[in-house]
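Enquirer: I am attaching a structure below and will ask some questions about it afterwards.
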Protein chains: 2
Amino acid sequence: MAEYKVPLEDMNFLLFDVFKADQMWQRLPKLAEQVDKDTAQAILQECAKIAEQEIDPIAREGDETGVSYNNGQVTTAPGYKEAFATYAEGGWTALGGDVEYGGMGMPKMLTALHEEMLCSADISFALYPSLTAGAALSLAKHGSEELKERYLTKMYSGEWAASMCLTEAHAGSDLGIIRTKAVLQDDGSYEITGNKIFITGGEHDLTDNIVHLVLAKLPDAPKGPRGISLFLVPKIQVNDDESLGDGNNVSCGSIEHKMGIHASATCVMNFDGAKGYLIGELNKGLACMFTMMNFERIGVGIQGLGAAVRSYQNALEYAKDRGQGRALSGAKNPEQTTDSIMVHGDVRRMLLNMKALNEGSRALSSYIAMQLDYATYGEGDIQKQGDTLSALLTPIAKAFFTDLGFENTVTGQQVFGGHGYIREWGQEQLVRDARITQIYEGTNGIQAMDLLMRKVIGSKGAMYHVFKEEVLSFIEENRQNDHLAEFISPLSDSLTDLTTITQELLEKSTVDVEEIGAAANDYLHVFGYTAMAFVWAKMAQVSLASEEIDHDFYQSKILTARYYFARLLPRRLSLLASIRSGSQPLFAIDDNLF
Amino acid sequence: MAEYKVPLEDMNFLLFDVFKADQMWQRLPKLAEQVDKDTAQAILQECAKIAEQEIDPIAREGDETGVSYNNGQVTTAPGYKEAFATYAEGGWTALGGDVEYGGMGMPKMLTALHEEMLCSADISFALYPSLTAGAALSLAKHGSEELKERYLTKMYSGEWAASMCLTEAHAGSDLGIIRTKAVLQDDGSYEITGNKIFITGGEHDLTDNIVHLVLAKLPDAPKGPRGISLFLVPKIQVNDDESLGDGNNVSCGSIEHKMGIHASATCVMNFDGAKGYLIGELNKGLACMFTMMNFERIGVGIQGLGAAVRSYQNALEYAKDRGQGRALSGAKNPEQTTDSIMVHGDVRRMLLNMKALNEGSRALSSYIAMQLDYATYGEGDIQKQGDTLSALLTPIAKAFFTDLGFENTVTGQQVFGGHGYIREWGQEQLVRDARITQIYEGTNGIQAMDLLMRKVIGSKGAMYHVFKEEVLSFIEENRQNDHLAEFISPLSDSLTDLTTITQELLEKSTVDVEEIGAAANDYLHVFGYTAMAFVWAKMAQVSLASEEIDHDFYQSKILTARYYFARLLPRRLSLLASIRSGSQPLFAIDDNLF
């Protein structure tokens, strides 16, 4: 297995050449205080070291050994405790945190790249700090001053971790029907009782305490999603002097045996009258939870990307090294018995699919992260636009990047032939690890409905209009640039296709609402390929305009952009045809005829 | 996990309604002696019992326990020995075998369905008898009378198993560079020395002896593939009285730890001057091996289908049972807290994709098996046509069915949400097991080159022409049938597309041979979707013409055919666009720019 090498050059290219993050940060006062180009570059470099040297080396053994469960205790795989300690000591658990409580206040554009590095190194490891960061975000936004002072600082310092307790056995996508109960106590706290499943990091030995954010319902709460509240339930109670006190009635009943992410503890958590504290308002728990959703969902998208990047690096090294057969056009390496498999068109296809989709995902992820930063740190129109674009594009980041990420790990495994199927090379682990990203944090089917029903149709097309205008203005700016015509013209076609199908679905949905569910998954992917064409055209523009255009990096960008437009953007054509066939093929067939 | 239920109704429909196998068998004297409709139906029913009752129940535990290796010995998972004994006692190891040596001489149309059942139940188990059957085929065709009498009868009886020893560490797709040596001995036998990897069933405890078919080279053999010979190397030598004699210098050095098919032993085999016997002519080993390739490769395609069928059955049962959310058009089940997830468009999309692709694959597989039977048992033109069509379509069966099979296992896992990712439901095992089918027996990339370069372009389009005429004559026969127009018209379009792209590639390949490698994978899939449209149109025709058209079975067929044409056949559009972008996007980029 190749050693993981963080693609720092591409990350710097995106931040400073394509999206000019440093200029943006200077314009946003809250960010200008925290970060500039030098700081950001130093952070990326240091983070790369941690990912490459501390986290990457524990991933294979983590897969083999996994976490173990014994009588309520969860023991992480060899090396995880040490790696987490190093990670926390380096201050990385505080990277995106609120500065008032000890966080470093770094923008999402930077933390997103940091997340990618962690996930390329090891998704299982990355989940512990990333769940904690997500919970911290919710707490920072909605928690009382007292809760924040008591819990947030320790979460940022890495002394404590956190979990998000949503799913119950009968309630996954449909949280409105959860049964976990919260009963108000005389001291203002709540007694929490119920069982949660699939809780990532619900129990482990990495930290002294674990802060559970738990969705539950008061006995007299309204039915459905409007009756859900959010509670903070510590594994171990915290005394007024901030020392650890008594245990709480929280226990881990078992852990799941899974296809992958073996080193991540997926727990059944039992709350048996545990002491909890309300976060935010009563019955507004879902809203509090959704605060972090945009941040978390792009994070899951990045997990898929991370695994795919790792798979690409391994596959490329293997392909260069592996000799089988000869080039169709004649031996390229006649003094050896064989050519390397890089000469075969189909191997190049596999590698270029991975390269173009990975770099495209990283670019689109950076673009969405930028919108999240505008939404968080901007003001006025720019804030509003960032809010709209990040909300619109987040389900795409989650579902599109993870579908592509999984596809790419499978492709990277295929490059290895039989060696990709055996465990020692690590390629099959990446497939197994990446697979979960299409499922958790809202299945990709749910994401597609979020995009099409809640956002596009829910806003009567207004949110889509913002995206369309953004791309159109880029197209108009570059309409006269002959060098860019090969990218601008198909981008323009693709945008027209997307706008047309959006309009058609807005109309159809008023006649037959099932058209939405029938189209959602294909629509998300048409949108994804178009948005990715937009960022590929941007990258091509910057590369073509560079003074160093002859450098390998820029040449590679331009040629990969061409590949994307030639070979990958056409994927939308089949999806459009499928959408246009309508809901009838899906709903004409009775359940008993399946 | 749902209990596996063999889709006997669909199998009978294909055999007797769609392809009229019984009439075909009557016309072919060698088959007429062996099989008729009643026999075939009885065989399918008995085989279904074995698959459902004996093999299916050991699969989950087989995955958990796997095979184990200790000092050269391989122990299979609990229950495998007993299941194999029952299977062999039932005579199933002889099903397709040569009647002269104790085989049952059943046609491929029947054994293909038998293979599907085994693979739906457990691919790992299926591999032991299927490798043996493949080796027996080679031996029956090319072995000397003496070898056949001594080995074939015991392989058919299930007393002995077999393995195929091709791959070496440095030589997988490129067999021309193997290093295993064969040296002629005074007694006419050969001394075989070398190391083979990835040998399925190379060692195990299911049978008393294992017959290895080994590719090796004589010291003075020509370089490359024309210097390869095929040898029979028994694990234990056989005395003249057919009793087992001394051991042979063959040993299993280790077994692989793999992503899936844990209960199948994948062995490193060491031949240290082992006694072997030539099969067929010297230096014609690859040809002897390829005798079985068409039979084996369709078999691997069927493995992918088998896993996908199982995944569909599980997913359907789960979807009907699982309640989450409400139908967009209003509650379908208002007296319950939720509707079943069958109401959601995206869940229906996933299930119908699986159903349409599985039933389409089974139909196309039956069609190809029919061509193999014509090639084997027919005479004159019908034999020649069967030979051409089976050779042409075999790489499609292998690569297309396994790509779809893997896709469908992933889809079936997705229907389960988080429950699909944990081991207990079995859905993730199907994904891991199915994945190997895209890799072994020639990667799917190799299959695509076999189709486009060797067959289509190698015959200057002549082989394609035979397929085209076959579909065209079906189209012409049904051109006036208004009920069928909805299928005939898009089938005709799809065939035109395929013919046009074939013509384009024939022309382009004379200008730039790399166009072939650049197009091969996409071309295979365009071909696959078109061939599948052909069999779906056939199934629709038969269903529409049935006197029992109102029956659920025929209604389901007609509606599923509609789904295929509406939602799946359009997949070819993107692939065509990708092919037309040519080889330039793949080859313009230097290796160092990847």
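The values are calculated or read from the model by the stated rules, or taken from the named source; none is laboratory data. Keep in mind that this is a model prediction, so the values were computed, not measured. Here the Cβ positions follow ideal geometry from the backbone for every residue, glycine too, while neighbour counts run over all protein chains shown.
Enquirer: Could you check region A:50-167 for helices (runs of 4 or more DSSP H) lying wholly inside it with 1 or more residues that are within 14 Å of chain B (Cβ to nearest Cβ), in contact (Cβ under 8 Å) with a residue 12 or more places away in the chain and among the hydroxyl-bearing types (Ser, Thr, Tyr)?
Expert: A:59-65, A:123-142
Enquirer: Moving on. Kindly indicate whether any position in region B:435-442 is more than 15 Å from the chain's Cα centre (by Cα) and hydrophobic (A, V, I, L, M, F, W, C).
Expert: For region B:435-442, residues more than 15 Å from the chain's Cα centre (by Cα) and hydrophobic (A, V, I, L, M, F, W, C): absent.
Enquirer: Mind checking whether some residue in region B:451-459 is within 11 Å of chain A (Cβ to nearest Cβ), surrounded by 24 or more Cβ atoms within 10 Å (Cβ to Cβ) and more than 16 Å from residue B:293 (Cβ to Cβ)?
Expert: Yes, some residue in region B:451-459 is within 11 Å of chain A (Cβ to nearest Cβ), surrounded by 24 or more Cβ atoms within 10 Å (Cβ to Cβ) and more than 16 Å from residue B:293 (Cβ to Cβ).
Enquirer: Considering only residues that are of a type in the set (Phe, Trp, Tyr), more than 7 Å from chain B (Cβ to nearest Cβ) and in contact (Cβ under 8 Å) with a residue 60 or more places away in the chain, look in region A:551-586 and name the one that is farthest from residue A:499 (Cα to Cα). Quick ask: steps written out before the conclusion?
Expert: Start the filter on region A:551-586 by keeping residues that are of a type in the set (Phe, Trp, Tyr), which leaves A:553-554, A:563-565.
Restricting the remaining residues to those that are more than 7 Å from chain B (Cβ to nearest Cβ) gives A:553-554, A:564-565.
If we keep only those that are in contact (Cβ under 8 Å) with a residue 60 or more places away in the chain too, we end up with A:553, A:564-565.
Working: A:553: 33, A:564: 21, A:565: 19 Å.
The qualifying residue farthest from residue A:499 (Cα to Cα) is A:553.
Enquirer: Can I ask one more? Could you check region B:224-242 and list, in sequence order, the residues that are at pLDDT 95 or above and within 14 Å of chain A (Cβ to nearest Cβ)?
Expert: B:227 - this is the single residue of region B:224-242 that is at pLDDT 95 or above and within 14 Å of chain A (Cβ to nearest Cβ).
Enquirer: Further question on the same structure: So, residue A:206, is that one modelled with pLDDT under 95 and in contact with a Ser or Thr (Cβ under 9 Å, 6 or more places away or on another chain) or not?
Expert: It is false that residue A:206 is modelled with pLDDT under 95 and in contact with a Ser or Thr (Cβ under 9 Å, 6 or more places away or on another chain).
Enquirer: Of everything in region A:417-437 that's surrounded by fewer than 24 Cβ atoms within 10 Å (Cβ to Cβ) and touching a Phe, Trp or Tyr at 6+ places or on another chain (Cβ under 8 Å), which residue is nearest to residue A:306 (Cα to Cα)?
Expert: Per the stated criteria, the residue is A:425.
Enquirer: Right, here's the next one. Looking at region A:168-187, which of the residues that are part of a loop (DSSP other than H, G, I, E, B) and either modelled with pLDDT of 95 or more or more than 8 Å from chain B (Cβ to nearest Cβ) (or both) is surrounded by the fewest Cβ atoms within 10 Å (Cβ to Cβ)?
Expert: If we take residues in region A:168-187 being part of a loop (DSSP other than H, G, I, E, B) and either modelled with pLDDT of 95 or more or more than 8 Å from chain B (Cβ to nearest Cβ) (or both), then A:186 is surrounded by the fewest Cβ atoms within 10 Å (Cβ to Cβ).
Enquirer: Answer with yes or no whether residue A:130 is among the polar types (S, T, N, Q) and either closer than 20 Å to residue A:209 by Cα or modelled with pLDDT of 95 or more (or both).
Expert: Spelling it out, residue A:130 is indeed among the polar types (S, T, N, Q) and either closer than 20 Å to residue A:209 by Cα or modelled with pLDDT of 95 or more (or both).
Enquirer: Counting only residues that are within 14 Å of another protein chain (Cβ to nearest Cβ) and assigned to a strand (DSSP E or B), which one in region A:243-278 is surrounded by the fewest Cβ atoms within 10 Å (Cβ to Cβ)?
Expert: A:254
Enquirer: Please specify each residue of region A:375-403 satisfying the condition of being without any contact (Cβ under 8 Å) to a residue 24 or more places away in the chain, in a helix (DSSP H, G or I) and not aliphatic (A, V, I, L, M).
Expert: The answer is A:380, A:381, A:383, A:384, A:386, A:387.
Enquirer: Let me ask something else about it. Could you check how many residues of region B:269-309 are farther than 14 Å from residue B:119 by Cα, in contact (Cβ under 8 Å) with a residue 24 or more places away in the chain and not charged (D, E, K, R)?
Expert: Selection size over region B:269-309: 21.
Enquirer: Here's something else I'd like to know. Note down all Cβ pairs under 7 Å where the first residue falls in region B:475-497 and is without any contact (Cβ under 8 Å) to a residue 12 or more places away in the chain, the second is assigned to a helix (DSSP H, G or I), and they're at least six residues apart or on different chains.
Expert: B:479/B:488
Enquirer: Considering only region B:26-48, state which residues are assigned to a helix (DSSP H, G or I) and either farther than 23 Å from residue B:379 by Cβ or of a type in the set (A, V, I, L, M) (or both). Reasoning before the result, please.
Expert: Taking region B:26-48 first, the residues assigned to a helix (DSSP H, G or I) are B:26-27, B:29-32, B:37-48.
If the condition is that a residue be assigned to a helix (DSSP H, G or I) and either farther than 23 Å from residue B:379 by Cβ or of a type in the set (A, V, I, L, M) (or both), then B:31, B:32, B:38, B:40, B:41, B:42, B:43, B:44, B:45, B:46, B:47, B:48 are the ones that fit.
Enquirer: The conditions are (1) away from chain A (no Cβ under 14 Å); (2) at pLDDT below 95, and residue B:492 fails exactly one of them. Which is it?
Expert: Checking residue B:492 against (1) away from chain A (no Cβ under 14 Å); (2) at pLDDT below 95, the one that fails is (2).
Enquirer: Any chance region A:26-33 includes a residue that's surrounded by fewer than 17 Cβ atoms within 10 Å (Cβ to Cβ) and under 15 Å from residue A:113 (Cα atoms)?
Expert: No, that holds for no residue.
Enquirer: So which residues in region A:416-426 are within 9 Å of another protein chain (Cβ to nearest Cβ) and of a type outside the set (Ser, Thr, Tyr), if there are any at all?
Expert: Of the residues in region A:416-426, the ones within 9 Å of another protein chain (Cβ to nearest Cβ) are A:416-424.
Passing the criteria: A:416, A:417, A:418, A:419, A:420, A:422, A:423, A:424.
Enquirer: While we're on this one: Which numbered condition trips up residue A:85, out of (1) in contact with a helix residue (DSSP H, G or I) (Cβ under 9 Å, 6 or more places away or on another chain); (2) surrounded by fewer than 23 Cβ atoms within 10 Å (Cβ to Cβ); (3) of a type in the set (A, V, I, L, M, F, W, C)?
Expert: (1)
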